[in-house]
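Here's the structure we're looking at; comments come further down.
The values are calculated or read from the model by the stated rules, or taken from the named source; none is laboratory data. A quick note: this is a predicted structure, and the numbers were derived from the prediction, not measured. FYI the Cβ positions are ideal-geometry reconstructions off the backbone, even for glycines, and counts take in every protein chain you see.
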Amino acid sequence: MTEPRDEIVADEHGAGVAPTDEAARMTPFRLLASNPLTVVSALVLAVVVLLAIAAPWVAPYGINAVDVANALQPPSASHWFGTDDLGRDVFSRVIVAARVSLQVAVVSVTFALLVGVLIGVVSGYVGGLLDVVLMRVVDVMFAFPVLLLALAIVAILQPGMATTMLAIGIVYTPIFARVARASTLSVRHEPYVQVSRTMGTPTTTILRTHVLPNISGPLIVQTSLSLAFAILSEAALSFLGLGIQPPAPSWGGMLFSAQGFLGQAWWMSVFPGVAIFVTVLAFNLLGDGLRDVLDPKQRTLIESRSRR
Amino acid sequence: MSPVLSVENLRVAIGSREIVQGLSFAVEPEATLGIVGESGSGKSMTVLAATGLLDAPGARVTGSSVLTPEGAGPLELVGARRSALRRVHGDKIGFVFQDPTTSLNPLLTLERQITESLEAHRSLTRRAAASRALELLEAVGLPEPEQRLQSYPHQLSGGQRQRVMIAIALACDPALLVADEPTTALDVTTQAQIIELVRTLQRERGTAVVWISHDLGVIGQVADDVLVLQEGRPLEHRGVVELMDEPRHPYTRELLAARPRLGASTPPAATDDGEVLLSVRDLDVRFSVTSAAGRSIVHAVDGVSFDVRRGQTLGIVGESGSGKSTIANVLTGLVRPHGGSAELAGEDVLHRASHDLRRRIAMVFQDPFSSLDPRMRAGESIAEPLRVHRLPSDGRPRDERVAELLELVDLPAAFAQRYPHELSGGQRQRVSIARALALEPELVILDESTASLDVSIQARVLDLLRRLQSELSLTFVFIAHDLAIVQQMSHDVLVMQRGQTAEHAAAADLFADPQQDYTRRLLAAIPPDRPRRAVG
């Protein structure tokens, strides 16, 4: 309703005059840093990732170092998170399981991202019959509850880490396909895409240079949120005994084996549970923070709020 | 007569930047104040601040703005309480904004939108408000007002929506009407109708009007007094006749020279012996539209034929929806035609156009804000066609060619590093032109390429295009809705109406002796040279 354009008077030929409004606009990174919740969640994630990477060296005990004499010890100076029914150190197992969980989450979400974005972008850009067919397939996949579909996939293949990754990846593919398609639909009618078409640019080049960069915002947010849900799904599958197979540690598997000792050894269930809780929450908060920054409407809101 | 609105030393600052720097003006009943200036000169800010509508975060407004409506005491609007402002907005002050497509709520019927302020301010019953809404729609000249009351905004054309906006603004018989670029988004013919409408209503109701525009030609038709703004500073504030006859400030003179006028300048007469570059025969384009009522066929272009000679310009002119952009889209391969033929120097353009042929036709789009990829630097955008066609083939670095192209459109080479949001509208359009010229095309299609620019910037871009045409011997298809601009650019003119050729003639003949009523209507719609007050 005010000036729809940001034209600066006498800037027609004036070199080096950047529109002042734009200059005052914060960079996405600084904007992200201005939200304390986002900063904290990013820090927590950084710690989790570092611990996971360094787990084999940081872990004070071997993950399968059975020490029956010291079974079911409460947390102490030598065993920070206590020990389980076989005397294994819970702390060592939690941080090594973090490595497994993150690995599963990252690989499966990457799979979902690649396949989903490919389906979504092609479907949205090409349109027509292909779009209808692909989206109905996606709809069918959506109709299954997430865990049920994953269970079915694991049941068909052998349970194990690779299968878990594949199952979670397939389950999250339709979400990425939907997000990518919706964004592509709005970008493909932008004049800069039309201009590119009039130049005779091949479709694949248009998709790579114009469409993909301009739909990256929502995809980044979706990736962050999906990582959180992938961790939850992996924990759920392992809890049901269909994910990571014992004796390899996983948060879900540890929760399962802690079931029988809920009354005697609270530490066996609480620490893996807290690990899941903290990691998932951090991914979710980071995703929310990213969404605020990458969505232009929200962004103006934050900027005006922080200026006051 | 005492002024309806009198503003003294109005200032608006955001942060340390003063956007409006000490403005004073007054508007009397039945008079119109025109505020003119380029985008970013603070026109809208001034009026919003003066009427207490300014809602920019961190904006500080100082000075005074007193509203004295008939039969009520004076009210200071700067710093007034929200409840006091609410009573005034819509009741004593009516607003019409630029974009008629977004100013109306798409989910409400026209009746609901018109009666809203009546029910709020006048406590009219539903029925009384509805009958008043009907009167208003009649007053703004909407056809079949009874049926229109129950229709939704999407069922109206742009001009009709702006009429509805005016009806809403006038619902409570305001003492002051604020019109912020109300005709900028409209065709020239619709613009003329809206100007006429506001004048008539103003005379009937004695409303004071503040009319904001970037076009002195429009202001000349509506205003009694004119305030010229540049970067928030008042440059001149005088009666419209004196201002346009003897502009004191050089900036005013520039704005005067920039307004589209008939006969301002014409390209050299066309020679008939030139080689025909583009030949279009019986072009026929149909779209099938699926609506709630079922499928229907829209005949967008119906049997249009024309030739364009090398080095010359064909102007295609018509109102929105006349099919002129569809022709551009067909020629660039964005739309498939139903029938007809088009040949570029003997080569078929419409069917299986080769990759190589795409090189020879370039297009510049209307909107400089969305025709550049926001994530690409200007240099990358210009280099894109080069990359697609693997040029330059002699192994020169692409950057060199980009710098050359930037120089061609009068931009410093450093602009290659800038993102579109760091450029002004005119600069962006120059980048678009550079991109179109990158492949050294033979034919450049300019689809309303200057329509969304301010008149002063438009004039400069038109100069650039003329210079490029003579330097590079380019052939243009120049699409516009404004005959005055088409006259400045074209050797031949094709006037289109509802997808058909209304008139096709050499520019000199067409402007000297238009054969069709439709062409005459388009010509009459251009704001004349002299301000209306001088004519009488």
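Within region B:146-193, which residues are of a type outside the set (A, V, I, L, M, F, W, C) and more than 25 Å from B:Glu30 (Cα to Cα)? Even if it seems obvious, please write down each step before you answer.
Start the filter on region B:146-193 by keeping residues that are of a type outside the set (A, V, I, L, M, F, W, C), which leaves B:146-148, B:150-155, B:157-163, B:173-174, B:180-184, B:187, B:189-191, B:193.
Of everything in region B:146-193, those that are of a type outside the set (A, V, I, L, M, F, W, C) and more than 25 Å from B:Glu30 (Cα to Cα) turn out to be B:Glu146, B:Gln147, B:Arg148, B:Gln150, B:Ser151, B:Tyr152, B:Pro153, B:His154, B:Gln155, B:Ser157, B:Gly158, B:Asp187.
Confirm whether B:Glu116 is more than 26 Å from the chain's Cα centre (by Cα), among the acidic types (Asp, Glu) and assigned to a strand (DSSP E or B).
Judged against the criteria, B:Glu116 is not a match.
Can you tell which of B:Arg428, B:Arg387 is among the charged types (D, E, K, R) and either within 29 Å of B:Gly315 (Cβ to Cβ) or assigned to a loop (DSSP other than H, G, I, E, B) (or both)?
B:Arg428
Just the residues that are modelled with pLDDT under 85 and buried (at least 20 other Cβ atoms within 10 Å of the Cβ), please, taken from region A:237-277.
A:Leu242, A:Gly243, A:Ile244, A:Ala265
B:Ala524 fails exactly one of the following numbered conditions: (1) assigned to a helix (DSSP H, G or I); (2) crowded, with 17+ Cβ neighbours inside 10 Å. What is the number of that condition?
(2)
Could you tell me which numbered condition B:Val36 fails, if it satisfies all but one of (1) in contact (Cβ under 8 Å) with a residue 40 or more places away in the chain; (2) farther than 22 Å from B:Leu235 by Cβ; (3) not small (Gly, Ala, Ser)?
(2)
Does B:Pro528 meet the test of being on the phi < 0 side of the Ramachandran plot and under 20 Å from the mean Cα position of the chain (by Cα)? Lay out the reasoning, then the answer.
Working: on the phi < 0 side of the Ramachandran plot: yes; under 20 Å from the mean Cα position of the chain (by Cα): yes.
Yes, satisfied.
Which residue out of B:Leu386, B:Leu406 is within 14 Å of chain A (Cβ to nearest Cβ) and over 31 Å from the mean Cα position of the chain (by Cα)? Full working, then the answer.
On the way: B:Leu406 fails: over 31 Å from the mean Cα position of the chain (by Cα).
When all the criteria are applied, what remains is B:Leu386.
Just for region B:361-383: of the residues that are part of a helix (DSSP H, G or I) and surrounded by 21 or more Cβ atoms within 10 Å (Cβ to Cβ), which one is farthest from the other protein chains (Cβ to nearest Cβ)?
It comes out as B:Gly379.
A:Gly200 - would you say it is farther than 20 Å from A:Leu113 by Cβ, within 14 Å of chain B (Cβ to nearest Cβ) and either touching a strand residue (DSSP E or B) at 6+ places or on another chain (Cβ under 7 Å) or not charged (D, E, K, R) (or both)?
yes
If you go through region B:222-254, how many residues are free of Cβ contacts under 8 Å to residues at least 60 places away in the same chain, part of a loop (DSSP other than H, G, I, E, B) and within 14 Å of another protein chain (Cβ to nearest Cβ)?
Residues that pass the stated criteria total 1.
Among residues belonging to region B:169-213 that are at pLDDT below 85 and within 14 Å of chain A (Cβ to nearest Cβ), point out the one that is nearest to B:Thr101 (Cα to Cα).
The extreme case among them is B:Ala185.
Considering only region B:59-101, state which residues are within 14 Å of chain A (Cβ to nearest Cβ) and of a type in the set (S, T, N, Q).
Within region B:59-101, B:Gln98, B:Thr101 qualify.
For region A:142-165, check the following and say yes or no: at least one residue is within 14 Å of chain B (Cβ to nearest Cβ), surrounded by fewer than 20 Cβ atoms within 10 Å (Cβ to Cβ) and either part of a helix (DSSP H, G or I) or touching a Pro at 6+ places or on another chain (Cβ under 6 Å) (or both). Explain how you work it out, then say what you get.
Of all residues in region A:142-165, those within 14 Å of chain B (Cβ to nearest Cβ) come to none.
No, region A:142-165 has no match at all.
Give me a count of the residues in region B:62-104 that are of a type in the set (Lys, Arg) and either within 17 Å of B:Pro29 (Cα to Cα) or not assigned by TED's automatic domain parsing to the domain that holds B:Trp211 (or both).
Looking only at that region, the number is 1.
Residues of region B:117-137 being within 29 Å of B:Ser213 (Cα to Cα) and in contact (Cβ under 8 Å) with a residue 24 or more places away in the chain, which ones?
Hits for region B:117-137 are B:Ser117, B:Leu118, B:Ala133, B:Leu136, B:Leu137.
What's the total number of residues in region B:16-58 that are buried (at least 23 other Cβ atoms within 10 Å of the Cβ), away from chain A (no Cβ under 13 Å) and in a loop (DSSP other than H, G, I, E, B)?
Result for region B:16-58: 1.
Among the residues that make up region B:397-414, is at least one of them touching a helix residue (DSSP H, G or I) at 6+ places or on another chain (Cβ under 6 Å), part of a strand (DSSP E or B) and buried (at least 16 other Cβ atoms within 10 Å of the Cβ)?
The answer is no, given that none of the residues of region B:397-414 is touching a helix residue (DSSP H, G or I) at 6+ places or on another chain (Cβ under 6 Å), part of a strand (DSSP E or B) and buried (at least 16 other Cβ atoms within 10 Å of the Cβ).
If we only count helices (runs of 4 or more DSSP H) wholly inside region A:9-128, which ones have 3 or more residues that are at pLDDT 90 or above?
Those helices (runs of 4 or more DSSP H) span A:36-58, A:90-126.
Do we have B:Ala342 as in the same structural domain as B:Gln516 (by TED's automatic domain parsing), hydrophobic (A, V, I, L, M, F, W, C) and touching a Phe, Trp or Tyr at 6+ places or on another chain (Cβ under 7 Å) here?
Numbers: in the same structural domain as B:Gln516 (by TED's automatic domain parsing): yes; hydrophobic (A, V, I, L, M, F, W, C): yes; touching a Phe, Trp or Tyr at 6+ places or on another chain (Cβ under 7 Å): no.
So B:Ala342 does not fit the description; no.
All but one of (1) surrounded by 18 or more Cβ atoms within 10 Å (Cβ to Cβ); (2) more than 30 Å from B:Phe365 (Cα to Cα) hold for A:Gly200; state the number of the condition that does not hold.
Here A:Gly200 clears every test but (2).
Give me the residue from region B:119-130 that is small (Gly, Ala, Ser) and part of a helix (DSSP H, G or I) and, out of that set, surrounded by the fewest Cβ atoms within 10 Å (Cβ to Cβ).
B:Ala128
Filter region B:431-451 down to residues that are part of a loop (DSSP other than H, G, I, E, B) and surrounded by fewer than 22 Cβ atoms within 10 Å (Cβ to Cβ) and give me whichever is nearest to the other protein chains (Cβ to nearest Cβ).
B:Leu439
I'd like the residue in region B:131-171 that is in a loop (DSSP other than H, G, I, E, B) and of a type in the set (A, V, I, L, M, F, W, C) and, out of all such residues, is nearest to the chain's Cα centre (by Cα). Outline the logic, then answer.
The initial filter retains those residues of region B:131-171 that are in a loop (DSSP other than H, G, I, E, B), namely B:140-144, B:149-152, B:156-157, B:170-171.
Retained after the next criterion (residues that are of a type in the set (A, V, I, L, M, F, W, C)): B:140, B:142, B:149, B:156, B:170-171.
Details: B:Val140: 22, B:Leu142: 22, B:Leu149: 28, B:Leu156: 19, B:Leu170: 24, B:Ala171: 26 Å.
The qualifying residue nearest to the chain's Cα centre (by Cα) is B:Leu156.
Please pick out the residue among B:Ala378, B:Ala413, B:Ala403, B:Ala342 that is in contact with a strand residue (DSSP E or B) (Cβ under 6 Å, 6 or more places away or on another chain) and not charged (D, E, K, R).
Values: B:Ala378 fails: in contact with a strand residue (DSSP E or B) (Cβ under 6 Å, 6 or more places away or on another chain); B:Ala413 fails: in contact with a strand residue (DSSP E or B) (Cβ under 6 Å, 6 or more places away or on another chain); B:Ala403 fails: in contact with a strand residue (DSSP E or B) (Cβ under 6 Å, 6 or more places away or on another chain).
Matching residue, one of B:Ala378, B:Ala413, B:Ala403, B:Ala342: B:Ala342.
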